[in-house]
């Protein structure tokens, strides 16, 4: 009886303040409904907390035009669990009956059995586990995509994406790239809390996917008045009242609802005979401009049981059962139910799938902030006990409650369990978040701090944008640590310094401090030795690098783990190829033999990719191509979100630039610049290619700005294998602008490092540009001496670019003597064999200039070849220069098509033709990207251009429109 009285009294006091109709969102609702009604589609609904995102999605679900479509939804939570893909799992849990009637699932859907035991009866048998985490995750993504696809026509709603775990974001990026024809996706997030990864993922869908981005703004004064009238179920709300309400709420719908609820509870609203609503007295309404105080006062007017249940719900934050809420509130079942009913009637709490939660997070935060510290800690302690009985135990919630309860030792123990779970599931970002929180806030014994710091270091090295946590590892090193743990921490500090682009000498000191403590870990010791063997510190002589590389090679047999041995061999081969040591080829062959040419593990992929990078920089383009193709396939098959594949794509930039595969390269560069925003040492690769492309494309303002900066930063990062590219571009631009002396001064430090470190096998590609500038400055003797020194230094070394670059350089010195053309043409021939079309065209252009200067009409042939190559590449700067030479000497060359950005017009570019032919062969966008080292989005852009140029609507029609070995009209 008492419980019923409490319900009745509470309902009467609290009232209901939710608007029965949608106000001020008619256009946004129309756009949302229109989008999901034309799948495949993705719609982003963006807005601050309390703006009405969930209400808009609810109205969409009830709209007649959406009828007949399955609506499945999941929400990301503020308190995350070390269990990835939570909102996707939530969306799919209740779909077993629908899947029974769906098309038979392929075996890959069996990968979902562990993630979705609720669907076990309708899923295929479980698959054999894979040794590689990235491959497991890709298989899981494929299974999820297939299940979502067979449920169509369907609308997948994922709310509060700003709280999503990293794997949920990765899966959505994957899913949006392969979105089935009968599926639409609606994503909601708070713009101010959404990271760049979320914005990138939602901002660039494939061309075939309809896309809309709905941004919800606050209501205006009239809309606020209309909303108030709807809530109060009266049309006669005065403009004066509406204006004041707008002033207090700033047009935030949630604030409007809460303020009206408070006014009603106070009795500050009366109904006049005219049927209008007004305030008792405008000056007496002292409600603050926000939600916090209004919610607290509103809750304060409720019965005690309702207040205590509200506080318990605010502490729990997530949807919970009534029994859990009862336990945390510390009430009897009858009291808790009575209080809960009051809150449900008032609209503060809502029922969702048999569980209860605050209707809006702002209200929960307002209540939480008003709980005194002692009671708040007591509630968190009860919550920690309550969630322990949930199966499986939500470790993230339990750790959160223990921490907030002040039970720090217990918190650390549960946090470690959460880290273990996150690591097992491949959610390294979540492991980093938890460990960083513990290390910054928990009292820890020195050795335990050391072990947790080491776990943090390993996890941080696995994420694409590692956080700045070196201070936590260094703090652990300040106390006494066991030798092996101390060595591991020093090593991880050096590794993170490398990833974050710190001073190479600082990295080297960390590696040097680690090596003697790793005697019982030959795998790590050898890894450290390869780091000490990399020529990144200009103050270290080459002999010392060679010493460490040889020690690493001697340590490999002691490792005992085949995968780690391949990894270390790859690191050694990479460094040896950079200094022209022929042993790199034998080591590469050994890596190939050990893996049967198919790297599967992350460390094996790393080995292939590392060798490919330096092989590419040294001019072994074909070998680099083969290694990178294998690495890309092994990285994650179709998984374009993983760190290994992203790093393969970085090397793919270098290879594409060197081999003249420039179509679509600008877009790929831009994408990787964005992805590697927090990784200077990796991002410099994309920055180098971007700056060199800017020069070739004729964007001289960008080239003038970026090339000198890239040169200096590459030097600072110790990226000497990349340096020849940017130095060459900078020198060529300087020579064209008559700034030879300034350019030589600006690059003297780079030349000195190449000479001191014995890096001419890589740096020889910059010698032609150096000699050209020296000759232009009247330093012919100095240039001749440079050529001689480099030639001597390269004698007996493996340096394929030398056979082209040295005659190319000699051509500039021989030009005045009348035999420059022969040197240039010899260089062009070698560049052709290497597969370096841009350098070959430059050499032919110079040969033509020499021939014309000597009165030899044969200059027309190499000039036409150079002009055609520049046109094929889209190298506008060089193309314009070659065209001017042709006009000056009366040589007829093919002109650029005015409508084509690179001279192709309505014809297919070489890259477009490659994409089209692979598509015709049945490859997916991801498979094409894997073959051509492009992102799936870049492939989609090329394919869209192909379909447009050929006037066809589908891939199936491509085959009949592609002529043999010619650009299709």
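The values are calculated or read from the model by the stated rules, or taken from the named source; none is laboratory data. Owing to the predicted nature of the structure, the values given are computational and were not obtained by experimental measurement. Using ideal geometry, Cβ is built from the backbone for each residue, glycine included, and neighbour counts are taken over all protein chains shown.
One line per residue, one yes/no per condition, for (1) surrounded by 23 or more Cβ atoms within 10 Å (Cβ to Cβ); (2) farther than 22 Å from residue 437 by Cβ:
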position: 476; (1), (2): yes, no
position: 482; (1), (2): no, yes
position: 506; (1), (2): no, yes
position: 517; (1), (2): no, yes
position: 526; (1), (2): yes, yes
position: 547; (1), (2): no, yes
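Among the residues of region 372-386, is any within 19 Å of residue 295 (Cβ to Cβ), outside any strand (DSSP E or B) and free of Cβ contacts under 8 Å to residues at least 60 places away in the same chain? Yes: one or more hits. Residues in region 240-253 that are within 27 Å of residue 190 (Cβ to Cβ) and at pLDDT below 85: 242, 245, 246, 247, 248, 249, 250, 251, 252.
The residue of region 408-449 that is modelled with the lowest pLDDT, among those that are outside any helix (DSSP H, G or I) and buried (at least 21 other Cβ atoms within 10 Å of the Cβ), is 425. The residues listed here are 517, 537, 523; of these, the one that is over 28 Å from residue 749 (Cβ atoms) and part of a loop (DSSP other than H, G, I, E, B) is 517. Would you say residue 779 is surrounded by 17 or more Cβ atoms within 10 Å (Cβ to Cβ) and modelled with pLDDT under 95? Spelling it out, residue 779 is indeed surrounded by 17 or more Cβ atoms within 10 Å (Cβ to Cβ) and modelled with pLDDT under 95.
With respect to residue 140, determine if the residue is farther than 30 Å from residue 643 by Cα and in a helix (DSSP H, G or I). It is false that residue 140 is farther than 30 Å from residue 643 by Cα and in a helix (DSSP H, G or I). Assessment of region 693-701 against the conditions (surrounded by fewer than 20 Cβ atoms within 10 Å (Cβ to Cβ), modelled with pLDDT under 95 and on the phi > 0 side of the Ramachandran plot) yields at least one matching residue.
Considering each residue of region 228-239 in turn, none proves to be modelled with pLDDT of 85 or more, outside any loop (DSSP other than H, G, I, E, B) and within 30 Å of residue 938 (Cα to Cα). Is it the case, given these coordinates, that residue 325 is farther than 16 Å from residue 401 by Cβ and buried (at least 19 other Cβ atoms within 10 Å of the Cβ)? Judged against the criteria, residue 325 is not a match. Summed over region 852-889, residues that are in contact with a helix residue (DSSP H, G or I) (Cβ under 8 Å, 6 or more places away or on another chain), part of a loop (DSSP other than H, G, I, E, B) and either within 19 Å of residue 662 (Cα to Cα) or without any contact (Cβ under 8 Å) to a residue 12 or more places away in the chain (or both) total 2. Scanning region 577-623 for residues that are in contact (Cβ under 8 Å) with a residue 60 or more places away in the chain and assigned to a helix (DSSP H, G or I) turns up 577, 578, 584, 585, 602, 613, 614, 617, 618, 621, 622. Being out of contact with any strand residue (DSSP E or B) (no Cβ under 8 Å at 6 or more places or on another chain) and either surrounded by 22 or more Cβ atoms within 10 Å (Cβ to Cβ) or modelled with pLDDT of 85 or more (or both) is a description that applies to residue 217. Each residue in region 819-852 was checked for being closer than 16 Å to residue 772 by Cα and surrounded by fewer than 19 Cβ atoms within 10 Å (Cβ to Cβ), and 1 of them qualify.
Please tell me if residue 206 is over 23 Å from residue 22 (Cβ atoms), within 42 Å of the chain's Cα centre (by Cα) and not in a helix (DSSP H, G or I). Against the criterion (over 23 Å from residue 22 (Cβ atoms), within 42 Å of the chain's Cα centre (by Cα) and not in a helix (DSSP H, G or I)), residue 206 qualifies. Determine which member of the set 140, 148, 232 is touching a strand residue (DSSP E or B) at 6+ places or on another chain (Cβ under 9 Å), assigned by TED's automatic domain parsing to the domain that holds residue 105 and touching a residue at least 12 places away in the same chain (Cβ under 8 Å). Being touching a strand residue (DSSP E or B) at 6+ places or on another chain (Cβ under 9 Å), assigned by TED's automatic domain parsing to the domain that holds residue 105 and touching a residue at least 12 places away in the same chain (Cβ under 8 Å) holds for just one of 140, 148, 232, which is 148. Looking across region 387-407, just one residue is crowded, with 17+ Cβ neighbours inside 10 Å, within 35 Å of the chain's Cα centre (by Cα) and not in a helix (DSSP H, G or I), and that is 394. Scanning region 182-211 for residues that are modelled with pLDDT of 90 or more and within 25 Å of residue 95 (Cβ to Cβ) yields a count of 9. Residue count for region 347-361, restricted to those that are exposed (fewer than 12 other Cβ atoms within 10 Å of the Cβ) and in a strand (DSSP E or B): 1. How many of the residues in region 633-660 are at pLDDT 85 or above and outside any helix (DSSP H, G or I)? Total satisfying the criteria: 1. Taking (1) buried (at least 20 other Cβ atoms within 10 Å of the Cβ); (2) not in a helix (DSSP H, G or I) in turn, residue 87 satisfies each apart from (2).
Among the residues that make up region 92-103, is at least one of them in a helix (DSSP H, G or I), crowded, with 18+ Cβ neighbours inside 10 Å and within 29 Å of the chain's Cα centre (by Cα)? Looking through region 92-103, at least one residue is in a helix (DSSP H, G or I), crowded, with 18+ Cβ neighbours inside 10 Å and within 29 Å of the chain's Cα centre (by Cα).
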